[in-house]
Amino acid sequence: MKCWFCGCEDSKVIDSRSSEDGNSIRRRRECLNCGKRFTTYETIEDTPVLVIKNNGTRQAYDTAKVRNGIIKACEKRPVSSARIEAMVNSVTRTIYNTMDREVPSHVIGELVMEQLKDVDEVAYVRYASVYRQFKDISSFMDELQKLMNSKDDNK
């Protein structure tokens, strides 16, 4: 690690500790050339995931968009913010664990719907109505029927 003050590449680590959030390691170093001390941080390299939109364009995966969609679906429902964060983290973890650098947007939508289905059926139907772009009442009823059938199968 290059010294911030003199540019020398020789330094020794004096102290190492995890950051408060546990996502990085803070290292206190001392330059072997000038003797000055400086701090470095070691983090996991974040390789961006691109989302392939329905029109073929690509944009960086944005956790905030997933969070906002879930929050909208859960509005005025008895779903805690901790549960919402758990759903967002689960979707994000699943996306990054695929090891694909490009993910179709419909895969993300299906992952969110899977999470909502287990947490709150009304939130699930709200999200599905936007995600599936129901054209009429019959398509809406078809989705409700699927939900009812899956609920009966789980009994």
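Please give the calculated 222 nm ellipticity per residue for the chain, where each DSSP H segment of at least 4 residues contributes -39500 (n - 2.57) and the sum is spread over every residue; nearest 500 deg cm²/dmol?
So the calculated ellipticity at 222 nm is -15000 deg cm²/dmol.
Within the chain, how many lysine pairs that are 8 or more places apart, or on different chains, have C-alpha atoms less than 27 Å apart?
Close lysine pairs under the 27 Å cut-off: 27.
For labels at Ile44 and Asp118 in the simple 7 Å Cα→Cβ model, what's the distance in nm?
That separation, rounded to one decimal, is 2.0 nm.
Can you tell me how the stretch 53-115 classifies by the Cα gyration tensor, rounded, prolate or oblate, using a/c under 1.5 as the rounded cut?
Prolate, because a/c is 1.5 or more and a/b exceeds b/c.
Only sites in a loop by DSSP and with at most 13 other Cβ atoms within 10 Å count here; which trypsin sites (Lys or Arg not before Pro) in the stretch 38-80 make the cut?
Lys53, Lys76
Take the eigenvalues of the Cα gyration tensor for the chain, scale each by 5, and report the square roots as semi-axes in whole Å, largest first.
Details: eigenvalues 444, 62, 27 Å².
Over the Cα atoms of the chain, the semi-axes work out to 47, 18, 12 Å.
Put a dot 7 Å past each Cα toward the Cβ at Ser18 and Arg77; how far apart are the dots in nm?
Result for the modelled spin labels: 3.3 nm.
Percent of accessible area on the chain owned by carbon and sulfur, 1.4 Å probe?
Values: 5250 of 10730 Å².
The nonpolar share, carbon plus sulfur, comes to 49 percent.
Hey, can you find the accessible area per residue of the stretch 23-124 for me, probe 1.4 Å, expressed in square angstrom? Walk me through the numbers before you get to the answer.
Numbers: 6340 Å² over 102 residues.
With all protein chains present, the stretch 23-124 gives 62 Å² per residue.
Restricting to DSSP loop positions (anything but H, G, I, E, B) with no more than 14 other Cβ atoms inside 10 Å of their own Cβ, which GluC sites (Glu not before Pro) remain in the stretch 72-155?
Filter output for the stretch 72-155: Glu75.
The values are calculated or read from the model by the stated rules, or taken from the named source; none is laboratory data. These numbers were taken from a predicted model, which means no experiment stands behind them. For neighbour counting, all protein chains shown are included, and Cβ atoms are generated from backbone atoms with ideal geometry for every residue, glycine included. Accessible surface is based on the protein model in full, side chains and every heavy atom, while ligands, DNA and RNA are left aside. Shrake-Rupley method; radii C 1.70, N 1.55, O 1.52, S 1.80 Å.
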